[in-house]
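The values are calculated or read from the model by the stated rules, or taken from the named source; none is laboratory data. As the structure is a prediction and not an experimental result, all values here were calculated from the model. In this analysis, Cβ positions are derived from the backbone assuming ideal geometry, glycine residues included, and neighbour counts consider all displayed protein chains. The area values use the complete protein model at the heavy-atom level, side chains included, leaving out ligands, DNA and RNA. Shrake-Rupley method; radii C 1.70, N 1.55, O 1.52, S 1.80 Å.
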Amino acid sequence: MAGPCSVESERQLMQTAEAVALAGARVLRGGAFKPRSSPYSFQGLGVEGLKLLAKAQANTGLAIVTEVMSETDVDLVAEYADIMQVGSRNMEHFSLLQRLGTCGRPVLLKRGMVATIHDLLRSAECIAAHGNRDILLCERGIRTFDTVTRNTFDVTAVPVLKAVTHLPVIVDPSHAAGVRELVPILARAGAVVGADGLLVEVHPDPDQALSDGEQSLTFPQFNAMMRDLEHYVALAASPSRLSLALPQRLACD
Ligand code: PEP
Ligand code: MN
């Protein structure tokens, strides 16, 4: 899964969709509704962004993953998205999770920045309990005391989640790293520990991006990463064969 952090313009999105499809991506990512830490930053194109995603899908055949931030937008986003993304900041937005139980689309649930593996599983359980069992779990790095990277990629989460659930596990090396130089090597690590997919930010001109440019790959960098990953996918572990019991109960309290 690859594409820009935010859908910014028709030109930006169509160019990116074509480039990532050619390099082997199957799903186009792009935020139309953006959860920004500052109210003064670009907030996304909203419905216009969703329409551009539909156009990119028509041009390339890529499936679409895009974020939904509010339960009141679920029906609208579900008209355009093949996969509904729940961002880290909303991992415990329970009214949104409940509503996604009946959205009729798979949900990509990103781990909260300060969420334990149990917290992530409880949020997934909330979506499932409300009727939707099509859930993809996403490890995108957590906050630790270290500030060298944007987040700390919890590589352990991948085999653990694969061992204790039946759900696909996706790794987002972009938001873990925060800098593009580290993205390919974290993607390798994700592949080797058994991730079922990757979610990677790619932009035609990252230095001009309206969000997350520092961690976005250029087209040649994405293409090189995809070629390199072929070797590592072949080495992937099968963590679902591990017999691991979670140390604490999962039930909500
Ligand atoms: C994103 O995917 O662009 C995003 C906002 O990610 P996260 O929710 O992991 O910060
Ligand atoms: Mn982003």
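Structure data summary
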| quantity | calculated |
| --- | --- |
| Index of the failed condition, V164 passing every other in (1) within 22 Å of A236 (Cβ to Cβ); (2) at pLDDT 95 or above; (3) of a type outside the set (D, E, K, R); (4) surrounded by 17 or more Cβ atoms within 10 Å (Cβ to Cβ) | (2) |
| 3 or more residues of a type outside the set (A, V, I, L, M) and over 21 Å from S37 (Cβ atoms): qualifying helices (runs of 4 or more DSSP H) within region 100-180 | 117-129 |
| Residue tally, condition assigned to a helix (DSSP H, G or I) and surrounded by 24 or more Cβ atoms within 10 Å (Cβ to Cβ), over region 1-37 | 4 |
| Residues within region 210-220 that are within 18 Å of R140 (Cβ to Cβ), open to solvent by 10 Å² or more (accessible area, probe 1.4 Å) and not in a helix (DSSP H, G or I), tallied | 1 |
| Members of region 186-209 that are more than 24 Å from S41 (Cβ to Cβ) and open to solvent by 60 Å² or more (accessible area, probe 1.4 Å) | R188, D196 |
| Residues that are surrounded by fewer than 22 Cβ atoms within 10 Å (Cβ to Cβ) and outside any helix (DSSP H, G or I), drawn from region 74-86 | D82, I83 |
| So A129, is it touching a residue at least 24 places away in the same chain (Cβ under 8 Å), out of contact with any Leu (no Cβ under 8 Å at 6 or more places or on another chain) and more than 28 Å from A21 (Cα to Cα) | yes |
